[in-house]
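This report concerns only the one structure given below.
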Amino acid sequence: MVLLGQFLEVLVGGLLAGVLYSLVALGFVLIFKASGVFNFAQGAMVLLAGLALVRSLDFLVARGFPLWSSIILALCFAGVIMAITAWLIERFVLGPLVNQDGLTLFMSTIGATFILEGASQMIFGSDVYPLRLFPTDAWFLFEGLFPGGILVNKLDVWGGFIAGILVAGLAVFFQRTKTGRALRAVADDHAAAQSVGIPISWIWFVVWLVAGLVALVAATVWGTKLGVQFSITFLALKALPVLIIGGFTSVPGAIVGGLIVGAGEKIAEVFLGPHIGGGIEYWFAYVLALAVLLVRPQGLFGERIIERI
Amino acid sequence: MLYREAGQFKTTYAADMAIFPIRQDRVALALLLAFAFVGVPLLSTYHIWPLGSDYLLRAILLPFLILALAAIGVNILVGYCGQISLGSGAFMAIGAYSAYKFGTGVHLPIAWLGTEISIAPLPVLASILLGGLMAAIVGILFGIPSLRIKGLYLAVATLAAQFFFDWVFLRVKWFTNYAPSGSVNAPDLNFFGVTFHTPIERYLLCLIFVTVFAFMAKNLVRGNLGRQWMAIRDMDIAAELMGIRPLYAKLTAFAVSSFIVGIAGALWAFVYLGSWEPLAFSIDRSLQLLFMVIIGGLGSILGSFLGAGFILILPIMLNLIPTELGVPLSTETITHLEFIIFGSIICYLLIKEPHGFARLWSIGKEKLRLWPFPY
């Protein structure tokens, strides 16, 4: 019973942590779906959004604004910053690189990562800034059933809740709105979408903007968890195995991939780690992803890759 | 006019298939090699500008040579065979740590067989080459997924190698001979009774390695194997239909590439760093190598050298400029500015010339052929 309780606790903690990975992975999926760009800069965008949010929030609170209005104002400010970033990236980096191959585009987003990391820290500072938007204490569930109960972090539950709303919102956006439909058309075939009159550069701006806003949401949760700091950019590397497990092109895939990675990683660390030397969280997700790819090269939910000569 | 091969008649097939068929190329290369092998050590011995101090030799030329070698290895895989790899740093680490183990003696007890593998410390040259060989073997293992996975999916899959080996060399103490700090020291660089100590000697050592492997790579990529790689790169299904075995072509590319990268890793550890930690071969190194290959030019040996030089020297220049100009900026701001400028230059180059410096070079040669006339 003790072992089962511990297992459940690790599983629940892992699943909820996995949802947080999904938040970052979602941004990748959106951009890859719509423009075929593998966006390495997503982690840097989370950093930028987080820094813009926390610095403006601190600024407003210090000026004596009430907390609620300053949170809303800070969120708006960070949203505007992400919109400007989206426009700049579309206009100056990806626009001129239309029709280059995937590797060149990927490398250009690494270049953009350098720019974003440098600029965001130069403008907003490079310390660790604590962010307190969500409660971070813990709940104990099922105390009658298991000795000590199951410890669940409230922040992780909030993260799961927000991810759910975000996915629902994105689904409505993609299925019901005109822009969302245009996005899917562009994702299907650039040239065909252009020929029916869909303005492709506007669509790409919208995609980067949506990815930026997803980054902002991820930043609120991760910033509360870790504090807004440079190491938040490494989240991009954490989100990559989530992506390949779920498939580059699938929003539900990002969520399921996140759950698998989060749970697998925590269970492996707790139950396997002590036997082969700790810290296997560091690579476990990648090896898991490699194993999934060997069975399904396009990930669990990715579109089947069909090649013609 | 400067670069015109008119009048250079090839009368045999051997002459036509020579590695550098144009006389100007041969002369230029011979001059460059003569300068590198004789001129640089002479300048350095007599302290003539720009080699007045050891700085240029030790901090720029030495890493340039080794990273150029690594870039050649990566270019074989990414540029010639089209398999994107983000794990080159791991293969450098495998080369370095295997060479270290072979150089200090291997003792691997195998408990369940009741025996142990024991190899006496090997000479440095043998251990560096064996380091490359180990990297090649691991490269083949991690190349197997490439038979099913393609493109960016493969790139992310190769990150598995990167993170796994980062962890292995950090946590498995056997590889570091149980050094408490986790950092290890290279054995003496003793080749056939000659010990390489001074920066000039180390430079010459690396130069020999780089020259030998660059020529080998150049010959490989224009032969049967190289053409198989390029066919796979351009379209693997079509290549398969023409009778090229993807298994053989892809795995040889992984093996040759990892071998060269592993040798470069061993040199980086033994000759350049001297003592090192796993951090020396992190994902940043992999990205740096990939940048070198892409900025230099995919599918070009010359491009590997150009890219390595550019990516290595750019941050050093960016670091020097503010201090030289005397701009009063805090070190933090300078670091961030470096990031921004480095990123901007990368993006600019990718936009202006997605095919890298190698393409600029061949455009330049075309222009020289007609110079001074426009066409």
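Brief remarks follow.
- Residue match in the stretch B:323-340 (condition: free of Cβ contacts under 8 Å to residues at least 12 places away in the same chain, under 24 Å from the mean Cα position of the chain (by Cα), at the interface with another protein chain (Cβ under 10 Å from one of its Cβ atoms) and assigned to a helix (DSSP H, G or I)): yes
Here is a yes/no grid of residues against (1) in contact with a strand residue (DSSP E or B) (Cβ under 8 Å, 6 or more places away or on another chain); (2) not in a helix (DSSP H, G or I):
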{"position": "B:VAL74", "(1), (2)": "no, no"}
{"position": "B:VAL78", "(1), (2)": "no, no"}
{"position": "B:GLN83", "(1), (2)": "no, yes"}
{"position": "B:LEU86", "(1), (2)": "no, yes"}
{"position": "B:ALA93", "(1), (2)": "no, no"}
{"position": "B:ALA96", "(1), (2)": "yes, no"}
{"position": "B:TYR100", "(1), (2)": "yes, no"}
{"position": "B:GLY103", "(1), (2)": "no, no"}
{"position": "B:LEU108", "(1), (2)": "yes, yes"}
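- Residue within the stretch A:213-225 that is within 21 Å of A:PHE92 (Cβ to Cβ) and crowded, with 19+ Cβ neighbours inside 10 Å present: yes
- Residue pairs meeting the criteria (Cβ under 7 Å; at least 6 apart or on separate chains; first touching a residue at least 60 places away in the same chain (Cβ under 8 Å) and under 21 Å from B:LEU273 (Cα atoms), in the stretch B:39-59; second surrounded by 11 or more Cβ atoms within 10 Å (Cβ to Cβ) and among the polar types (S, T, N, Q)): B:LEU57/B:SER44
- Count of residues meeting criterion [assigned to a helix (DSSP H, G or I), in contact with a Gly (Cβ under 8 Å, 6 or more places away or on another chain) and not small (Gly, Ala, Ser)] in the stretch A:2-40: 8
- Exclusive hit being touching a strand residue (DSSP E or B) at 6+ places or on another chain (Cβ under 7 Å), assigned to a helix (DSSP H, G or I), closer than 30 Å to B:THR176 by Cα and away from chain A (no Cβ under 14 Å), set B:ALA269, B:ALA255, B:ALA264: B:ALA269
- Across the stretch B:132-157, the qualifying residues are those that are β-branched (Val, Ile, Thr) and more than 9 Å from chain A (Cβ to nearest Cβ), and the one among them that is surrounded by the most Cβ atoms within 10 Å (Cβ to Cβ) is B:VAL138.
- Exclusive hit being of a type outside the set (Lys, Arg), surrounded by fewer than 20 Cβ atoms within 10 Å (Cβ to Cβ) and touching a residue at least 24 places away in the same chain (Cβ under 8 Å), set A:PHE234, A:PHE248: A:PHE234
- Taken over the stretch B:349-374, the residue count meeting the criterion of being over 24 Å from the mean Cα position of the chain (by Cα) and in a helix (DSSP H, G or I) is 10.
- Verdict on B:SER286 being under 21 Å from the mean Cα position of the chain (by Cα), away from chain A (no Cβ under 13 Å) and buried (at least 17 other Cβ atoms within 10 Å of the Cβ): no
- Contacts under 9 angstrom Cβ, first residue in the stretch B:195-216 being within 11 Å of B:LEU69 (Cβ to Cβ), partner in a helix (DSSP H, G or I) and of a type in the set (S, T, N, Q), 6 or more apart: B:ALA214/B:SER304
- When residues of the stretch B:158-172 are limited to those that are of a type outside the set (A, V, I, L, M, F, W, C) and over 18 Å from A:PHE40 (Cα atoms), the one nearest to the other protein chains (Cβ to nearest Cβ): B:ARG171
- A:THR233 fulfils the conditions (1) within 14 Å of chain B (Cβ to nearest Cβ); (2) more than 25 Å from A:LEU183 (Cα to Cα); (3) over 13 Å from the mean Cα position of the chain (by Cα) except for a single criterion, (3).
Conditions (1) at the interface with chain B (Cβ under 9 Å from one of its Cβ atoms); (2) closer than 15 Å to A:GLN42 by Cβ, marked per residue:
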| site | (1), (2) |
| --- | --- |
| A:VAL221 | no, yes |
| A:VAL228 | no, no |
| A:GLY247 | no, no |
| A:GLN298 | yes, no |
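No lab work stands behind these numbers, since they all come straight from the coordinates. Note that the coordinates shown come from a computational prediction; the quantities given were computed from them, not determined experimentally. Positions of Cβ are generated from backbone atoms using ideal geometry, with glycine treated the same way; all protein chains shown enter the neighbour counts.
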